[in-house]
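Quick one: this structure, given as structure tokens, is what I'll be asking you about.
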Amino acid sequence: MDSASPEQPRALSSLAATDSVENVVIFVSDALRYDSVPEQIRRRGITARAIAPSTFTANALPSITSGKYPATHKVWRFQDDRLASRPALFDEAAVDVGFNAETVWLMDDSSAKPPLRWNHLTEERTIAELEPPFVHFIHDVGPHAPYGVDNTVWDSTREFFAATNDPMTLCDRYQDDCVNSADRFEPIYDYLQSSGLLEETLVIYTSDHGQVLGESTYGGQFGHVDPMCPELVEIPVTFMGAGLPTDHEYPGLVSGTDVAPTALAAQGRPVPDECDGQQLWTATPGADRTVRCDAWAYKPITVRDTTIPITAYAAAGVWDRGGGHVFQRRSRLLRCAYLAHKLLRGTQAPVWRPNASFETLAGLARTYLRSEHSYGSPSVTADAAKAAVPEQFTRASDRSFDASDDALEEKLADLGYLS
């Protein structure tokens with residue numbers, strides 16, 4: 001990460017053509033890292049380099065919609081966890097609510113869709129079905145693996161990596177998929193423009209987390225969840241519409257948890273006190289701001305026909321404009337065992353084995369066996385950062401529902417989250 005810019009951020013409302021907006025559209029391009037945001041998106045608005053609230057979709061999406069870090073909202077898994085209450089962003093008493101995730105889950109069934117339930121939503125609606133004032137949230141599959149194809153082409157992400165294990169080809173397909181996602185966004189933007197709604201609508205284009213793309217520093221991996229590093233935590237947040245300037249860079253430090261508070265403030269709605277994020281509509285982040293990233297991912301193992309979720313990876317990070325400090329949880333022995341599992345049976349094993357080298361193996365060892373990492377040149381000290389992260393992650397066991405949904409299990413397996 002670069003050092004702090006001498007330019008000071010300004011409140012978005014001071015740059016917009018209106019003091020408040022009637023509508024909000026949030027488009028999440030899954031697994032889009034900051035340095036890969038397409039130029040067609042950058043040109044449309046104000047782009048910030050933001051820190052993802054997590055490196056895992058199940059943790060990050062609830063943070064984007066609630067404005068809370070994962071350690072606060074305690075939604076760690078799609079199957080078992082849900083937010084304690086419907087996010088203020090989706091208050092149907094205040095706005096018409098639309099939610100669309102069809103490119104991610106590819107579900108044609110009109111019945112309840114499990115991926116929506118963490119948000120207390122049970123049906124999908126397109127933007128054309130909404131009446132102002134509205135909030136429309138789109139979760140797009142983005143450049144998530146399998147790169148360049150939808151989730152039905154391969155039986156699993158591991159099979160995709162087995163068939164496509166050349167690193168350069170994978171990187172090229174990832175970049176193409178970033179543009180594919182932006183192309184799926186364009187009809188939404190065009191609809192707002194042609195309907196005369198764009199000037200009254202704050203549009204936010206962002207991601208839930210980034211992606212590692214074969215960097216030898218981390219052992220030549222492809223994907224996300226782990227390890228927590230800049231390529232996974234740095235995501236774009238582009239603010240468009242509402243008369244905002246185009247092709248502009250936002251100089252302040254932004255968090256994915258800022259999306260919901262900013263949307264609420266832009267619509268003139270109250271921002272809940274319990275939000276960890278900061279609203280950027282009328283306020284600006286301080287030069288010394290730090291933000292967090294929490295990751296706690298599970299893998300299911302089966303013992304005597306009983307499926308038991310175990311911690312696969314857990315880490316907490318504190319970031320500022322210059323860089324960040326990451327603290328990996330679990331003992332070194334358990335991290336070593338997890339690394340061995342990844343090398344032998346993991347989703348990306350078909351890529352690693354034929355492309356392994358001393359450099360990549362050394363990168364893997366450094367990345368996973370060290371308990372603490374520092375990236376860039378953060379102003380915050382490691383001791384201060386360690387004091388700012390939760391001592392442990394906890395789950396809210398009373399916020400659970402049936403975890404045996406076969407359709408959801410199948411979709412998570414297709415995306416490489418289950419093995």
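Given 0.36 nm per residue, what is the gain on full extension from Glu159 to Asp176 after removing their alpha carbon distance, in nm?
That pair, Glu159 and Asp176, stretches by 4.1 nm at full extension.
Tell me which residues come under 5 Å, amide H to amide H, from Ala50 once H is placed; ignore anything under 5 positions away on its chain.
Sorted by chain and number, the residues that satisfy this are Ile235, Val237.
Okay, moving on. Suppose the chain between His120 and Thr394 were pulled fully straight at 0.36 nm per residue; how much longer would it get relative to their current alpha carbon spacing?
Additional length available on full extension: 96.6 nm.
Work out the FRET efficiency for Arg184 and Asp383 from their Cβ-Cβ distance, taking R0 = 41 Å, and round it to the nearest 0.05.
Given R0 = 41 Å and the Cβ-Cβ separation, E is 0.40.
What is the local net charge at Thr65, summed over the other residues whose Cβ is closer than 11 Å to its Cβ (Lys, Arg +1; Asp, Glu -1)?
Local charge sum for Thr65: +1.
Would you give the gap between the C-alpha center of the stretch 209-286 and the C-alpha center of the stretch 121-163, rounded to a whole Å?
The stretch 209-286 and the stretch 121-163 have Cα centres separated by 20 Å.
In degrees between 0 and 90, to the nearest 10, how far off the longest principal axis of the chain does helix 57-66 point, with axes built from Cα atoms?
Long axis of 57-66 versus the principal axis of the chain: about 20 degrees.
Show the residues, 5+ positions off or on another chain, whose built amide H is closer than 5 Å to the amide H of Ala312.
Hits under the 5 Å cutoff: Ala297, Tyr298, Lys299.
Now, a different point. Counting each pair of different Cα atoms once, what's the Kirkwood radius of the chain in Å, rounded to one decimal? Before the final figure, lay out each step's value.
Working: mean 1/r = 0.0465 Å⁻¹.
When all Cα pairs of the chain are included, the Kirkwood radius is 21.5 Å.
What net charge do the residues around Thr217 carry, taking every other residue with its C-beta under 14 Å from that of Thr217, with Lys and Arg at +1 and Asp and Glu at -1?
Once all neighbours under 14 Å are counted, the net charge is -2.
Rounded if a/c is under 1.5, else prolate if a/b is larger than b/c, else oblate: which is the stretch 18-58, with a ≥ b ≥ c the root eigenvalues of its Cα gyration tensor?
Verdict is oblate for the stretch 18-58.
Going 7 Å from the Cα of Leu343 in the Cα-to-Cβ direction, what parts of the stretch 363-384 have a backbone nitrogen less than 11 Å from that spot?
Backbone N within reach: 363-366.
Then there's this: So between Asn355 and Asp247, what do we pick up on full extension, going 0.36 nm a residue minus the alpha carbon distance?
35.0 nm
Round to the nearest 0.05 the FRET efficiency obtained for Ala94 and Ala128 when R0 = 25 Å and r is the Cβ-Cβ distance.
Plugging the Cβ-Cβ distance into 1/(1 + (r/R0)^6) gives 0.75.
Can I ask one more? What FRET efficiency, computed as 1/(1 + (r/R0)^6) with R0 = 41 Å and r the Cβ-Cβ distance, is obtained for Cys336 and Met168, rounded to the nearest 0.05? If you can, show how the numbers build up before the last one.
Values: r = 30 Å, r/R0 = 0.73.
It comes out at approximately 0.85.
What 222 nm value per residue comes from the helices of the chain, counting each DSSP H run with n ≥ 4 as -39,500 (n - 2.57) and dividing by all residues, nearest 500 deg cm²/dmol?
-8000 deg cm²/dmol
Let me ask something else. Just report the Cα centroid separation between the stretch 332-350 and the stretch 35-57, whole Å.
If you average the Cα positions of each part, the centres end up 30 Å apart.
We did not get these values from a lab; they are worked out from the coordinates using the rules stated. Remember, predicted model here, so these are calculated numbers, not experimental data. Cβ sites come from the backbone with ideal geometry, for glycine too, and all protein chains shown count toward neighbours.
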